[in-house]
Amino acid sequence: MAEIRLDKFLADRTSYSRSDVRNLLKNGAVSADGRIITEAKQKINPDTQEIRLYGKKIHGGSLLYIIVNKPQGCICATEDKKHKTVLELLPEELRHKDLFPAGRLDIDTTGLVLLTNDGQLAHQMLSPRHHVPKYYLVTLAEKFEEDYIQKLSDGLVLADGTECLSAQVQKLDDTHCIICLHEGKYHEVKRMFAALGNHVNHLHRAAVGSLLLPPELPPGGCMEIFTKDIEKLLKADSFSVLCKQIILAFSSYLINDRP
Ligand code: URA
């Protein structure tokens, strides 16, 4: 990436306006490679310099982070002969930036998918070692039984002997719940409910870490996210806090069964 003005870089990548940024600079809140910068028009290169605001690294440069609300029928791949891919949800100018989906949702699962060219962040998000929580709104075919909560918390063993990590679940009504997983095995949620004798009719990923899919982002929609939200992707808030936020954000989903 070419050099750009420091005030523009910060205003583009944070929630601060250009004039807020000028004040932050005056107050000595911004550093480039460890040196305080106070000049708004100072040029920086985000690819080679480390920019910090109040000591927090501001991601930038050629690393991109886009979230999409994956619709049904679309697959988490970079190319496919048969199906539309999540890459095709992006505007043309973003299709050739080496973006890839950080993790996979099934073709019929909807919701939050991160597209990035930051291999390190994708690895952190997906590595079982980091246990980044992933939250799904589940629509079941049969009634949610109270004993699911304990069984899922104990860690289910699937039909083929696969052992699942402990999962948290909150019942919403007779056929809806929120489940939180700390790993991402193949068809895991569907296979978990199959092992419990139920069937998943629909699955929607509502949050990753403590980042909620913005409820105003329509199916098929995408948006770039910046430092504040990228940090949320890797941060685990308490299950009950996230459930409350998901219920508030997705109340229309629960009524209509689709976002
Ligand atoms: N679990 C599933 O079964 N499917 C998904 O798409 C994601 C989690």
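The values are calculated or read from the model by the stated rules, or taken from the named source; none is laboratory data. Please read these numbers as outputs of a predicted model, since none were measured by experiment. Using ideal geometry, Cβ is built from the backbone for each residue, glycine included, and neighbour counts are taken over all protein chains shown.
Look at region 55-77 and say how many of its residues are closer than 26 Å to Arg13 by Cα, more than 16 Å from the chain's Cα centre (by Cα) and at pLDDT 95 or above.
Number of matching residues: 0.
Taking Asp108, is it touching a residue at least 60 places away in the same chain (Cβ under 8 Å), over 25 Å from Asp237 (Cβ atoms) and within 20 Å of the chain's Cα centre (by Cα)?
Yes.
Can you pull out the strands (runs of 3 or more DSSP E) entirely within region 109-215 that have at least 1 residues that are within 11 Å of the ligand (Cβ to nearest atom) and not β-branched (Val, Ile, Thr)?
110-116, 134-140, 176-181, 200-208
For region 99-149, enumerate the residues that are in contact with a His (Cβ under 7 Å, 6 or more places away or on another chain), surrounded by fewer than 20 Cβ atoms within 10 Å (Cβ to Cβ) and hydroxyl-bearing (Ser, Thr, Tyr).
Within region 99-149, just Thr139 meets the criteria.
If I go through region 163-196 residue by residue, how many of them are touching a residue at least 60 places away in the same chain (Cβ under 8 Å) and of a type in the set (A, V, I, L, M, F, W, C)?
The total comes to 3.
Could you give every pair whose Cβ atoms fall below 8 Å, whose first residue belongs to region 197-211 and is within 7 Å of Tyr136 (Cα to Cα) and at pLDDT 95 or above, and whose second residue is within 11 Å of the ligand (Cβ to nearest atom) and acidic (Asp, Glu), counting only separations of at least 6 or pairs across chains?
Pairs that qualify, where the first residue is within 7 Å of Tyr136 (Cα to Cα) and at pLDDT 95 or above and the partner is within 11 Å of the ligand (Cβ to nearest atom) and acidic (Asp, Glu), are Leu203/Asp106; Leu203/Asp108.
In this structure, does Lys143 turn out to be at pLDDT 95 or above, of a type in the set (Lys, Arg) and touching an Asp or Glu at 6+ places or on another chain (Cβ under 8 Å)?
yes
Identify the single condition in (1) under 30 Å from Pro91 (Cβ atoms); (2) surrounded by fewer than 19 Cβ atoms within 10 Å (Cβ to Cβ) that His204 does not satisfy, given that it satisfies every other one.
So the condition that His204 fails would be (2).
Can you name every one of the strands (runs of 3 or more DSSP E) wholly within region 28-93 that holds 3 or more residues which are in contact (Cβ under 8 Å) with a residue 12 or more places away in the chain, surrounded by 12 or more Cβ atoms within 10 Å (Cβ to Cβ) and not assigned by TED's automatic domain parsing to the domain that holds Ser17?
In region 28-93, 65-70 are the strands (runs of 3 or more DSSP E) which contain 3 or more residues that are in contact (Cβ under 8 Å) with a residue 12 or more places away in the chain, surrounded by 12 or more Cβ atoms within 10 Å (Cβ to Cβ) and not assigned by TED's automatic domain parsing to the domain that holds Ser17.
Among the residues of region 1-27 satisfying the criterion of being in contact with a Gly (Cβ under 9 Å, 6 or more places away or on another chain) and charged (D, E, K, R), which is surrounded by the fewest Cβ atoms within 10 Å (Cβ to Cβ)?
By that ranking, first place goes to Asp12.
Select from region 12-27 the residues that are in contact (Cβ under 8 Å) with a residue 12 or more places away in the chain and assigned to a loop (DSSP other than H, G, I, E, B) and list them in ascending order.
Thr14, Ser15
What are the residues in region 231-255 that are surrounded by fewer than 20 Cβ atoms within 10 Å (Cβ to Cβ), closer than 30 Å to Pro46 by Cβ and not basic (Lys, Arg), if any?
The answer is Glu231, Leu234, Ala236, Asp237.
Just to be sure, is Leu112 farther than 30 Å from Pro215 by Cα and in contact with a strand residue (DSSP E or B) (Cβ under 9 Å, 6 or more places away or on another chain)?
The answer is no for Leu112.
With the checklist (1) assigned to a strand (DSSP E or B); (2) over 16 Å from Ala102 (Cβ atoms); (3) out of contact with any Pro (no Cβ under 6 Å at 6 or more places or on another chain) in hand, flag the one item Met223 doesn't pass.
(2)
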